[in-house]
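The numbers here are math on the coordinates, done by the rules we state, and not lab data. Please read all numbers here as calculations on a predicted model, not as lab measurements. Positions of Cβ are generated from backbone atoms using ideal geometry, with glycine treated the same way; all protein chains shown enter the neighbour counts.
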Amino acid sequence: MRPEAEKGIRVKSALSRTGGTLASFTHSLQPYIGCSFGHGCGVYCYVPFLPIHRYRSEGYAWGDYVWYKENVATLLRDELRRFAHRSALDTLRIFMSSATDPYQPAEGKLRLARACLQALVDYPPGLLVVQTRSPIVVDDFDLLRQLGPRAWLSMTVETDDEAVRRTLTPGVPSIRRRKETVETAAATGIQTQVTVAPFLALRAPERFAAWLDAHAERVLVDTFTSGDGGRGGRTARSRLPAAYREAGLGNWQDEAAAIAFHDLLVQRLGSARVGWSSTGFNALPSVGSSPAEMPQQPSLFSERATPAGNVRDDDE
């Protein structure tokens with residue numbers, strides 16, 4: 001669905017310091033403010049509850065606006081060059097993106113994410129994670145390959161059931177197209193992570209686990225309770241609880257099925273390839289880092305006993 005409002009803006013910086021649930025990352029990178037996928041996955045998205053939406057939406061509903069940062073790639077190149085002059089590029093751990101999808105439909109014509117990747121190829125950070133649910137990212141596989149072990153494609157595939165996808169997140173790319181994108185990435189040598197996040201009802205867990213084993217180097221499982229940055233509080237204020245009731249999908253707060261699928265993945269893939277919630281997102285190593293420098297991933301149950309931190313509000 002096309003947003004009601006779309007315009008270019010100029011910002012003061014490209015990289016934003018981050019923390020909270022992305023504690024091991026130094027910065028986030030958002031080529032856009034707003035997200036036209038908001039009419040789909042907006043049913044549970046946490047971003048509408050963040051200041052970046054409240055203060056930058058100009059009164060539009062989440063999903064109805066996209067502000068594209070015209071100068072983001074130029075600023076990024078300048079910021080990366082300064083890190084390079086200090087021989088500090090390897091210290092950068094960049095997450096693109098935490099408050100928008102960098103490959104939402106507008107990217108097809110604006111190519112801001114691609115321009116950012118071109119700067120990152122010239123000044124490669126220690127780690128870049130590209131988080132998306134969009135097959136448009138395939139257009140930039142040439143650049144991701146050039147980044148080699150410094151880059152991960154992280155594709156959201158929250159269910160294997162297209163009926164569940166259509167019910168809860170209409171208007172976002174199909175499960176089939178996302179899986180094809182993952183398969184292509186893996187076949188061309190790009191490091192590939194699949195985020196089953198937030199975990200939605202599955203049709204065939206064993207078959208889905210087998211597919212993940214074959215095509216994803218890493219898999220993360222997350223839930224509305226563990227992963228929305230507020231122990232489910234943000235999700236409770238979203239449209240998700242009502243959508244779950246209407247679809248007869250049970251209790252959205254119940255993590256039992258997600259935990260069972262996580263355990264199935266660990267049995268099949270091994271614990272080194274499977275993560276849970278924020279510790280899973282934070283466990284990727286940077287190029288040039290040693291294991292001792294990386295955050296240790298606690299057990300599934302020790303993390304679930306610890307309140308989740310908030311995601312920092314990303315802006316310019």
Q. Which whole-percent values make up P(r) of the chain when all C-alpha to C-alpha distances are grouped in 10 Å steps starting at zero?
A. 6, 28, 38, 23, 4, 0
Q: May I ask you to work out the translational diffusion coefficient for region 1-55 at 10 °C, viscosity 1.306 mPa s, via Stokes-Einstein with Rh from the Kirkwood sum over Cα pairs, reported in whole µm²/s?
A: 121
Q) For region 1-130, what is the Kirkwood estimate of the hydrodynamic radius, computed as the reciprocal of the mean inverse distance between distinct Cα atoms, to one decimal in Å? A) 15.0
Q: Report the label-to-label distance for Ala115 and Arg10 in nanometres (one decimal), using points 7 Å from each Cα along the Cα→Cβ vector.
A: 1.3
**Q.** Value in Å of the Kirkwood radius, where region 90-192 supplies the Cα pairs that are averaged
**A.** 14.1
Q. Which ordering of Trp67, Trp276 is given by a fewest-first count of other beta-carbon atoms within 10 Å?
A. Trp67, Trp276
Q.
Which of Tyr55, Tyr103 has the fewest other C-beta atoms within 10 Å, and how do the rest follow up to the most?
A. Tyr55, Tyr103
**Q.** Mean shadow area of region 32-101 over all directions, Cα convex hull, nm²
**A.** 5.5
Q. Among Ala210, Thr100, Cys116, whose Cα lies farthest out toward the positive end of the dipole of the chain, if unit charges sit on the beta carbon of Lys, Arg (+1) and Asp, Glu (-1)?
A. Cys116
Q | log10 of Debye I(q)/I(0), alpha-carbon scatterers only, for region 163-204 at 0.22, 0.24, 0.31 Å⁻¹ | A | -0.84, -0.94, -1.16
Q. If you place +1 on the Cβ of every Lys and Arg, -1 on the Cβ of every Asp and Glu, and leave all else neutral, what size is the dipole of the chain about its Cα centre, to the nearest 20 Debye?
A. 380
Q: Just tell me which lysines come within less than 20 Å, Cα to Cα, of Lys109; anything on the same chain fewer than 8 places away is out.
A: Lys7, Lys69
